[in-house]
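The values are calculated or read from the model by the stated rules, or taken from the named source; none is laboratory data. All values derive from a computational prediction rather than experimental measurement. Cβ placement follows ideal geometry from the backbone for every residue including glycine, while neighbour counts extend to all protein chains displayed.
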Amino acid sequence: MSTLGLSPGDLIAEDASDSAIAAVSPMGELALRIDVRGGRSVAAHQFHQGALRVLRPHYLDESGQVCYVVVNPGGAYLGADLYVIDVEVAAGAKLLLTTQSATKVYRTPGSFAEQRMRVRLGRGRSSNWRRTS
């Protein structure tokens, strides 16, 4: 398992150009902005289109951290698929973002599937990015 520590303003797996996103129509898009209201982290903005969604929010303890689960109702990525995820966590907000399970990626000759993810953290926030091998 590897861990990448992030600080405010860091981006995760962002492609070199946002204009490249406009050139290819995404198969799924997800945008989520987390703010603090009443001592709890909540979605101030939530948008999904196509084959990406988040399940309803959960609070696993009394810390106020919100947990969202990202799902792909189609269940798999195929060649030429593009998935775009944009997450912003405001100062003071806490987010646990996860998936419900591993996503199947099918081999497609002559093409590839791509997922682009951008994460923005508010002032004073930090995060850990973990992936398992």
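The table for this structure:
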quantity: Criterion: within 18 Å of residue 55 (Cβ to Cβ) and modelled with pLDDT of 85 or more - qualifying residue of 99, 103; calculated: 99
quantity: Count of residues meeting criterion [hydrophobic (A, V, I, L, M, F, W, C) and within 24 Å of residue 36 (Cβ to Cβ)] in the stretch 72-100; calculated: 9
quantity: Complete set of residues in the stretch 46-94 that are of a type in the set (D, E, K, R) and touching a residue at least 40 places away in the same chain (Cβ under 8 Å); calculated: 81, 86, 88, 94
quantity: Flag if residue 50 is crowded, with 16+ Cβ neighbours inside 10 Å and either on the phi > 0 side of the Ramachandran plot or modelled with pLDDT of 80 or more (or both); calculated: yes
quantity: Test: residue in the stretch 11-22 that is surrounded by 11 or more Cβ atoms within 10 Å (Cβ to Cβ) and at pLDDT 90 or above; calculated: no
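Conditions (1) assigned to a strand (DSSP E or B); (2) more than 20 Å from residue 123 (Cβ to Cβ), marked per residue:
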position: 41; (1), (2): yes, no
position: 44; (1), (2): yes, no
position: 47; (1), (2): yes, yes
position: 60; (1), (2): no, yes
position: 67; (1), (2): yes, yes
position: 70; (1), (2): yes, yes
position: 73; (1), (2): no, yes
position: 79; (1), (2): no, yes
position: 87; (1), (2): yes, no
